Amino acid sequence: MLTRRHLLATAVAAPAILRFGIGTAHAATTLKISHQFPGGTIDKGDFRDRLCRMFAAEVSKRSNGDIAAEIYPNSSLIKTNAQFSAMRKGALDISLYPMPYAGGELPETNIGLMPGLVTTYDQGLRWKKEPVGKALTDFLADKGIILLSWVWQAGGVASRSKPIVAPEDAKGLKVRGGSREMDMVLQTAGASVLSVPSNEIYAAMQTGACDAGITSSTSLISFRLEEVAKSLTSGAGASYWFMLEPLMMSKAIFDKLPKNQQDILLAVGTELEAFGRKGAQDDDVEVAKVYEKAGAKVSVLDAATVGKWRDIARDTAWKDYSAKTATSANLLKLATDVAA
């Protein structure tokens, strides 16, 4: 099992790039790992960047240097929205990528941010071993993507003005939702929507192009949205916004590796899921502290309010998604079978 001591002992960190396996007697397989989040070190910073660094360190260790890794945070290698397509084509090896960002290319992936569908971490993480997990994994593999680590994140709302807690609070505001389906719910509630990746929310709120942004607790912190927000709605206790943001890999690249290296990648990815859950839940608590310190008003959600959002979603986003393709309909049916 992974331990912090083992990971720190095998890691060599640089501000933007990590390299492992250097100096071995034979050429290492070098994998490029890209993501949109701020870079840090293996023990400090955004937990999603840390997860990538921990993954790189451990696969190098277990492969005796046969697998090397270079990590590119801040979308410094490939622009955020292009990373999924690049993996499918074999032009990018690995990315920690918000699954619904791929919705324009594969609408089925929007199951990864279906408002009101997943309401707890336990529920989301059970997907992997339930029929919905197999169906989603098989679908993505057929489209050229391998899931290495399942990472779920709860989300909240940063607002430039009043808190957005209940659906009626969004009326008349310009809100970033994070997926086509979340946008449908917001529009039904009377908001207009803005579609940008989370690393662009700050600029949109700063300029007034966006009144509020819904994103994960970690992104609410890492992208410093407290600097442009007067209100926060926390998703710590309850949330209608859960995003699947896994570590994923190009199947074309994965299939070229020897079986023993494939097994290492899958094993390390699975073991890091516990770290991903803890990182997300720790930030669910930390985000309120960050925003309170910045002077923002912090509000919370309760089950009844989450139910209001879910009711809208069932009548709009869920129906629309289910009608997209036979795969979408099957994924939604299987997902609703996984009880909260």
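The values are calculated or read from the model by the stated rules, or taken from the named source; none is laboratory data. Quick caveat, the model's predicted, so the values are computed rather than measured. Methodologically, a virtual Cβ is constructed for each residue, glycine included, from the backbone with ideal geometry; neighbour enumeration extends over all protein chains shown. Remember, those area values only see protein heavy atoms, side chains included, never the ligands or the DNA or RNA. Shrake-Rupley method; radii C 1.70, N 1.55, O 1.52, S 1.80 Å.
In this Cβ point-charge picture (+1 for Lys and Arg, -1 for Asp and Glu), the chain has a dipole of about 320 debye about its Cα centre.
Among residues other than G237 with Cβ under 9 Å from its Cβ, the summed charge is -2 (Lys and Arg +1, Asp and Glu -1).
Over the chain, accessible surface divided per residue gives 39 Å², non-protein components excluded, 1.4 Å probe.
When the trypsin sites (Lys or Arg not before Pro) in the stretch 244-333 are filtered for DSSP coil states and for at most 13 other beta-carbon atoms within 10 Å of their beta-carbon, no site remains. Within the listed set A166, A326, A86, the residue fluctuating most in the Gaussian network model of the chain (springs between alpha-carbon atoms under 10 angstrom) is A326.
With a/c under 1.5 counting as rounded, go ahead and sort the stretch 136-238 into rounded, prolate or oblate using the C-alpha gyration tensor (a ≥ b ≥ c being the square roots of the eigenvalues; past the cut-off, prolate if a/b is larger than b/c, else oblate). Prolate, since a/c reaches 1.5 and a/b exceeds b/c. Normalised by the number of residues in the stretch 193-269, the mean separation of alpha-carbon contacts (under 8 Å, six or more apart) gives a relative contact order of 22 percent. Which whole-number percent of Cα pairs in the stretch 37-154 have a distance greater than 26 Å? Everything past 26 Å amounts to 24 percent.
Applying the criteria of a DSSP loop state and at most 15 other Cβ atoms within 10 Å to the GluC sites (Glu not before Pro) of the stretch 86-180 yields E105.
Centre-to-centre, using Cα atoms only, the stretch 259-293 and the stretch 143-215 are separated by 22 Å. When only Cα pairs below 8 angstrom with a gap of at least 6 residues are kept, the chain shows a relative contact order of 23 percent. For the chain, give the percent of accessible area contributed by carbon and sulfur heavy atoms, probe 1.4 Å, rounded to a whole number. Reported share for carbon and sulfur atoms: 53 percent. For the chain, the spherically averaged projection of the C-alpha convex hull amounts to 15.7 nm².
Of the candidates F55, F223, F242, which one comes out as most mobile in a Gaussian network treatment of the chain with C-alpha springs shorter than 10 Å? Comparing F55, F223, F242 in a Gaussian network model of the chain, the most mobile one is F223. Other residues within the sphere of radius under 15 Å centred on the Cβ of W127, judged by their own Cβ, net out at -1 (K and R +1, D and E -1). Dividing the mean sequence gap of close Cα pairs (under 8 Å, 6+ apart) by how many residues the stretch 25-143 holds gives a relative contact order of 24 percent.
If R0 is 45 Å, what FRET efficiency do you get for E227 and K324 from their C-beta distance, rounded to 0.05? Can you show the working numbers first?
Values: r = 38 Å, r/R0 = 0.84.
Efficiency, from the Cβ-Cβ distance: 0.75.
Remark: the stretch 234-340 is approximated by an ellipsoid whose semi-axes, taken from the C-alpha gyration tensor as √(5λ), come to 32, 25, 11 Å, largest first.
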